[in-house]
Amino acid sequence: MSRSLLVLFWLVDLCFLAYWAVTLLHLLPEAFLFKDYNDPILVAWNWSFLPLDLAISATGLLSVYLHRRGRPQAARLAQISLVLTSCSGLQAVSFFALRHDFDPLWWGPNLFLLLYPLVFLPRLLRGA
């Protein structure tokens, strides 16, 4: 795995964990909330990402750990983490697009989650 991928795993996976901690503690300022954030349906939609995001963080951080130990399973877990990350971004972007909600504060990070894995996946898949 490249150094840039390892750094991105740390950054993205820790940000996922931080986001859920901030969300759980209701620490996001009103200015950063997406449209209709307090609607019960949207609260459920947002929380439906929790298992996916935790799986992303677990597989990404575990792949970094295994890579540092020289274990071959690291590449497979990295692939899984990247695919799940892209899926998470796609789901959020699709949702916001269907709602015609084009807030750059939510589109930017989710487009990043959708697209950054596509840079690293081909190389990881060729190496598998």
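The values are calculated or read from the model by the stated rules, or taken from the named source; none is laboratory data. On a predicted model such as this, the values are computed, not experimentally measured, just so you know. Note that each Cβ is placed from the backbone with ideal geometry, even for glycine, and that neighbours are counted across all protein chains shown. Accessible surface areas use protein heavy atoms only, side chains included; no ligands, DNA or RNA. Shrake-Rupley method; radii C 1.70, N 1.55, O 1.52, S 1.80 Å.
Contact map, region 39-65: residues that are free of Cβ contacts under 8 Å to residues at least 24 places away in the same chain paired with residues that are in a helix (DSSP H, G or I) and surrounded by 12 or more Cβ atoms within 10 Å (Cβ to Cβ), Cβ distance under 6 Å, separation 6+ or inter-chain. Pairs shown: 62/77. None of 121, 90, 61 is assigned to a helix (DSSP H, G or I), within 19 Å of residue 14 (Cβ to Cβ) and among the hydrophobic types (A, V, I, L, M, F, W, C) except 61. Does at least one position in region 64-73 carry a residue that is in contact with a Gly (Cβ under 9 Å, 6 or more places away or on another chain), of a type in the set (Val, Ile, Thr), surrounded by 15 or more Cβ atoms within 10 Å (Cβ to Cβ) and part of a helix (DSSP H, G or I)? No, the conditions are met nowhere in region 64-73. Among the residues making up region 1-28, a single one is more than 24 Å from residue 80 (Cβ to Cβ), assigned to a helix (DSSP H, G or I) and open to solvent by 80 Å² or more (accessible area, probe 1.4 Å): 24.
Of 78, 31, all but one fail to be out of contact with any helix residue (DSSP H, G or I) (no Cβ under 8 Å at 6 or more places or on another chain) and assigned to a helix (DSSP H, G or I); the exception is 31.
Looking only at residues of region 34-43 that are assigned to a helix (DSSP H, G or I) and open to solvent by 60 Å² or more (accessible area, probe 1.4 Å), we find that the one that is farthest from residue 96 (Cα to Cα) is 40.
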